[in-house]
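The values are calculated or read from the model by the stated rules, or taken from the named source; none is laboratory data. Because the structure is a prediction, the values reported are computed rather than measured. In this analysis, Cβ positions are derived from the backbone assuming ideal geometry, glycine residues included, and neighbour counts consider all displayed protein chains. The protein model used for the area step is the full one, side chains on, heavy atoms only, and it has no ligands, DNA or RNA in it. Shrake-Rupley method; radii C 1.70, N 1.55, O 1.52, S 1.80 Å.
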Amino acid sequence: MIANQSLQPKAYYESSTFDSERVDVFENNWIFAGFEEQLTNDNDFITLTIGNTPVVVQNFKGQLSALLNVCSHRRAQLQSEPQGNRPLRCPYHCWSFKRDGALASVPQNNTDFKLTQDDKKRLSLRQFDLALCGSFVFVRVSKNGPTLAEFLGPYFSILKELSANFCDSVGKGSYDWQTNWKIACETVLEVYHVAGVHPETFAKFAKAECEIQFFNGHSTGNTPLQNAPKKWWEGAREYLKIKQNQEYTEYNHFFIYPNLAIGLTNGTLMSLQTYEPIGPTRSKLNFNLKMVQRTDGKKTSEAVKAAIMANFNEFNHTILEEDRVVAESCQKSMLSVDTPGVLGKCEDRILHFHSAWKQDINQDSIQVREDS
Ligand code: FES
Ligand SMILES: [Fe+2]
């Protein structure tokens, strides 16, 4: 037998595993937070939770900073929306903060707090490492670790090129899945399930073959497209006046450990997904769609975007629903078994994902087959 073991079933539902991976996996690695274009104006912000840590990424007069999204006074959330534009001022008693997290102003300080400059410094918000790869914004909560370029390795230049090329945002959304975040990630790391789960959708869109490459927990899966979708996209490109990315013309899929997946369709559409851990058996799947830029430098009109979204949404939604049903079925069954499942050669991307995860949570790293 050349198959490898999957993870222990309890790794998919135990609270103790979930608690340790929130720190050891999420806080210790670079996590994708959003795109630079969401943060172009002074006071633009995005918020996210990384592990146990609420984070706000905000533009302060042109410079980006990632800070703890918790007020130093009585711990209210500083920014409460996922994305927006407002100064970094607490909505409770209006304490405000600067780019480096230092306390900027405290109403009634002279009469009721008498905070000195040193006190204000001590009440600074924690600031986190922030780095860009093209327009991809990454944040790391833990102070120590590799640079973003070291962490991404060969994927640094790939992501940089993608963000320069696929820059026309056409839509986004999210889904709630009753599964552990790892089960959600695993649904996109192999095409072995396509015949069983997507006979009427993905199977008609791409072939069930996959050429794979790895760098640490990150991986690539290149799957040839069927002819019909290639034709459809060719027509769409002509109509939309957009130019195909010549490097990635099939269904090219990248996974950036621990929870970012990027699928490219025929060098035309980029679908980006993150799998956000919400609880041991609950995750939020966020997706973001971007198209290649137009040849005439113009922005695609809202009406055309809406038409593409309507078309793609239906397809995307059906496929994700098919994946959700089977992922939730696996999740439920984990409680009834106490031995790990098996992974074949066609599931090597999952094996590498698990290997990086095991290293992070200090379990023994699994041996990766030498013939892979
Ligand atoms: S809790 Fe933030 S100012 Fe009071
Ligand atoms: Fe799937």
- Query: Looking only at the range 333-359, which residues are part of a helix (DSSP H, G or I), over 15 Å from A3 (Cα atoms) and out of contact with any Ser or Thr (no Cβ under 9 Å at 6 or more places or on another chain)?
  - Reply: S333, W357
- Task: Name every residue in the range 88-109 that is open to solvent by 30 Å² or more (accessible area, probe 1.4 Å) and either within 13 Å of ligand 1 (Cβ to nearest atom) or not assigned by TED's automatic domain parsing to the domain that holds V55 (or both), in order of residue number.
- Result: R89, P91, Y92, H93, C94, A104, S105, P107, Q108
- Examine the range 28-42 for a residue that is open to solvent by 40 Å² or more (accessible area, probe 1.4 Å) and within 22 Å of W357 (Cα to Cα), and state whether such a residue exists. yes
- Quick check: anything in the range 110-123 near ligand 1 (Cβ under 10 Å from one of its atoms) and touching a Phe, Trp or Tyr at 6+ places or on another chain (Cβ under 9 Å)? no
- Select from the range 294-323 the residues that are closer than 30 Å to I2 by Cβ and either charged (D, E, K, R) or outside the structural domain of L189 (by TED's automatic domain parsing) (or both) and list them in ascending order. E322, D323
- Task: Take V326 and decide whether it is more than 30 Å from Q244 (Cβ to Cβ) and open to solvent by 60 Å² or more (accessible area, probe 1.4 Å).
- Result: no
- Which residues, taken from the range 231-270, are open to solvent by 20 Å² or more (accessible area, probe 1.4 Å), at pLDDT 95 or above and under 18 Å from N313 (Cα atoms)? Y251
- Query: From the residues in the range 201-212 that are within 16 Å of C346 (Cα to Cα) and open to solvent by 90 Å² or more (accessible area, probe 1.4 Å), which one is nearest to ligand 1 (Cβ to nearest atom)?
  - Reply: E211
- Message: Just to verify a result, which residue in the range 176-206, among those that are away from ligand 2 (no atom under 14 Å from the Cβ) and not hydrophobic (A, V, I, L, M, F, W, C), is farthest from L148 (Cα to Cα)?
- Response: Q178
- Message: I'm checking my understanding of the structure. Among residues of the range 1-19 that are open to solvent by 40 Å² or more (accessible area, probe 1.4 Å) and in a helix (DSSP H, G or I), which one is nearest to T339 (Cα to Cα)?
- Response: K10
- Scan the range 129-139 residue by residue and report those that are open to solvent by 10 Å² or more (accessible area, probe 1.4 Å) and touching a strand residue (DSSP E or B) at 6+ places or on another chain (Cβ under 7 Å). D129, L130, A131, S135
- Which ones in the range 157-173 are open to solvent by 10 Å² or more (accessible area, probe 1.4 Å) and either in a loop (DSSP other than H, G, I, E, B) or not assigned by TED's automatic domain parsing to the domain that holds M309 (or both)? C167
